[in-house]
Amino acid sequence: MQPPSSRFIYLICCTLLVVWQCRQTSEAPGIQQSPRNSPSSEEKTTAEMDSTSGPNIKANSTFAETQEPEHQTRAMLFFEPHPDGNTFACAHCHAESAQADAGLLRAGHHLGNAALRPSFKNGQLHQLREAVNSCRVEWMAATAYAADTPDWLQLKSLLEDFAQTQQDTEPLTFEIVPPPPAEVLRSGNPDQGRTLFNRSCAICHGHDGAGNITGPKLQGSKLSAARVAERIRLSGNARSSVYEGLTGGRMPFFSRSRLSDNQLSDIVAFVTQSEPEELRQSNDGQSVDVSVADAQSNCSQTHPNVGKKARLSTLSHQVAGEAEIIDDCTIRISSFHFDGGGIDVRVYGGQAGHYEQGPQLSKDFLGMAFVEGTMEFRLPPGISLDDFDGISIWCVAVQISFGDGLFQ
Ligand code: HEC
Ligand code: HEC
C-alpha cells in the first residue's frame with residue numbers, strides 16, 4: 001500500500017504526463033537514487049532476442065536511464081501514444097536504432113539516424129518535421145507540429161540524440177507493392193508465421209493475435225488470405241499525400257523491404273489457418289507464464305514473505321491486480337488488468353517504491369493484454385525475495401511504473 005498522500009495523488013492522476021509529475025511529487029524527500037554507472041553505449045544498445053519473449057528493447061533505456069527526469073517525458077513522445085492522438089506511438093512503427101531494428105520487424109524504418117537524413121519518404125519531404133508531421137497526421141490522428149511547439153522541440157532533440165552515434169545518412173526508400181498472388185499465399189508456413197507474427201504484428205494485435213488496446217483481435221477472425229495480405233501490403237489512408245495506392249485503414253502498410261512476400265505468406269497462413277482454440281488467450285482463466293527463460297523452479301516455502309500480497313496501483317495502461325508470493329521463487333498476479341499498449345513492459349522489483357534499479361523479474365510481455373487475467377512468474381537466477389519489497393509493471397522504454405504495490 002502507498003502512504004495515504006501518494007495514494008491520493010495516484011487517484012487523481014489520469015494522463016501519463018501527469019502521472020510522471022505525480023511520481024516526482026510522491027517520492028519521499030531525502031531519498032537519493034544511487035548514482036547510475038554508465039556502461040558503454042554499445043553494451044546498452046544491443047537488442048537481444050529470445051524466442052519466447054520477443055525482443056528486449058533495452059536500447060531505449062540508453063535514453064531514459066542516462067537522462068535527467070524531465071527528459072523521461074521526452075522518451076514518452078517516442079515510446080508512448082501522444083496525448084492528442086490515437087493509441088499508436090512512434091515506437092509501434094519505428095525502432096530507435098539500427099540495432100533495435102534487428103528485433104521487432106516494424107512497418108517503418110528505424111529512426112536511429114533520421115535526424116541526419118537529407119530527405120524523407122522517398123525523397124518527397126525535405127525536413128524532419130514534415131516527415132514526423134506526416135506520421136502524426138496520417139497514422140496517429142494528431143495535428144501537425146508547428147516549428148516552435150514544445151513537444152516537437154523535445155521530440156526533435158530526442159531524435160538528434162538517437163543520431164549521435166550514427167554515421168550513415170543515406171536517404172531511405174520504401175516500395176508499396178500489391179499483395180502476392182494466391183499461389184504464393186498458399187505456400188505459407190503457419191509455424192514460421194506465428195514467430196514472424198509475434199515479431200511484426202503482436203506489438204499492435206497482441207501476442208498470437210489475441211488483441212489489445214492498439215489493434216483488434218485477429219484470432220478466429222475468418223478473414224480470407226487475400227484480405228489479410230491486402231491489409232499488410234496496402235493498409236493506410238487512401239488519400240495520403242505521401243503514400244500512393246493504399247486502400248484505407250489506420251494500420252500501417254509493410255513494404256517489401258520490411259516483410260518479404262514469403263514472410264508475408266507465412267504470417268497470412270498463421271492468421272488464417274490456425275484454429276482459434278490452439279491460440280493462447282491471456283484472459284481465459286489460465287495463468288500466463290512470463291518467467292525469464294532460465295528462471296528458478298521447484299522452490300520451497302521457507303521465506304517469511306511467502307503469502308504476502310501487494311495490490312497494484314493504477315498509474316497507466318489500466319494496470320490493476322493483486323500480486324501474491326506463492327513460494328520462495330514464484331509470484332502470481334491475479335485479477336490482472338493491462339491494456340497491452342506499452343512497449344517493453346516487464347515486472348520489476350523494487351525497494352520502498354523505487355523500481356528504476358530493478359531487479360527485472362519477468363520477460364517482456366509484449367502486446368499481451370489482460371482482463372481479469374492471471375500472470376505468473378518464477379524469479380530469475382540469483383534473485384531472491386530479499387531483493388525487493390514491492391513490484392511494478394514497469395515500462396523499460398520510458399522508465400516509468402504503470403502500476404505498483406508493496407508486499408505486506
Ligand atoms: C502506424 C505507423 C507509424 C507511426 C505511429 C509513425 N510512423 Fe513514421 N513512418 C511510418 C511509415 C510506414 C513510414 C514510411 C516508411 C519508412 O520510410 O519508414 C514512416 C516514415 C517516417 C519517417 C521518414 C523516414 C525516412 O527516412 O524516409 C520519419 C522521420 C518518421 N516516420 C518519424 C515518425 C515519428 C517521429 C513518429 C512518432 C511521432 C512516427 N513516425 C510515427 C509509419 C509510422
Ligand atoms: C501499428 C499497429 C499495427 C501493426 C504493426 C499491425 N496492425 Fe493490423 N491493424 C491495426 C489496427 C489499428 C487495425 C484496425 C484498424 C484498421 O483496420 O486499420 C488493424 C487491422 C488489421 C486487420 C483487419 C482486421 C479485420 O477484422 O478486418 C488485419 C487482418 C491485420 N490488421 C493484420 C495485421 C498483420 C498480419 C500485421 C503484421 C504483419 C499487422 N496487422 C500489424 C494495427 C496494426
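What follows draws every value from the coordinates through simple rules; no lab data is involved. As the structure is a prediction and not an experimental result, all values here were calculated from the model. Cβ placement follows ideal geometry from the backbone for every residue including glycine, while neighbour counts extend to all protein chains displayed.
A few notes on this one:
- At full extension, THR169 and ASN298 could sit 41.2 nm farther apart than now, given 0.36 nm per residue minus the alpha carbon distance.
- Distance from segment 232-247 to segment 215-230 (C-alpha centre basis), Å: 18 Å
- Considering all different alpha carbon pairs of segment 64-155, the Kirkwood hydrodynamic radius works out to 13.8 Å.
- Segment 106-151: equivalent-ellipsoid semi-axes (sqrt of 5 x gyration tensor eigenvalues, Cα, Å): 17, 13, 10
- The relative contact order of segment 226-384 comes to 22 percent, based on Cα pairs under 8 Å that sit 6 or more residues apart.
- Percentage of interatomic Cα-Cα distances in segment 283-406 larger than 20 Å: 33 percent
- Efficiency of FRET between THR195 and ALA146 - r from beta-carbon atoms, R0 45 angstrom, step 0.05: 0.60
- Put simply, the amide H of SER313, placed in the peptide plane, has neighbours under 5 Å in ASP404, GLY405, leaving out anything fewer than 5 places away on its chain.
- The Cα atoms of segment 200-252 cover 32, 23, 15 Å along the three principal axes, with the biggest extent listed first.
- Protection proxy ranking of 171-177, 183-189, by the mean of other Cβ atoms within 10 Å over each peptide's residues and highest first, is 183-189, 171-177.
- A quarter of the convex hull surface defined by the alpha-carbon atoms of segment 182-278 gives 6.0 nm² as the mean projection.
- Ascending count of other beta-carbon atoms within 10 Å, so fewest first, for LEU361, LEU125, LEU234: LEU125, LEU234, LEU361
- Rounded to whole Å, the principal axis extents of the Cα atoms in segment 284-343 read 35, 25, 22, largest first.
- Under 14 Å, Cβ to Cβ, from MET140 - net charge with Lys/Arg +1 and Asp/Glu -1: -2
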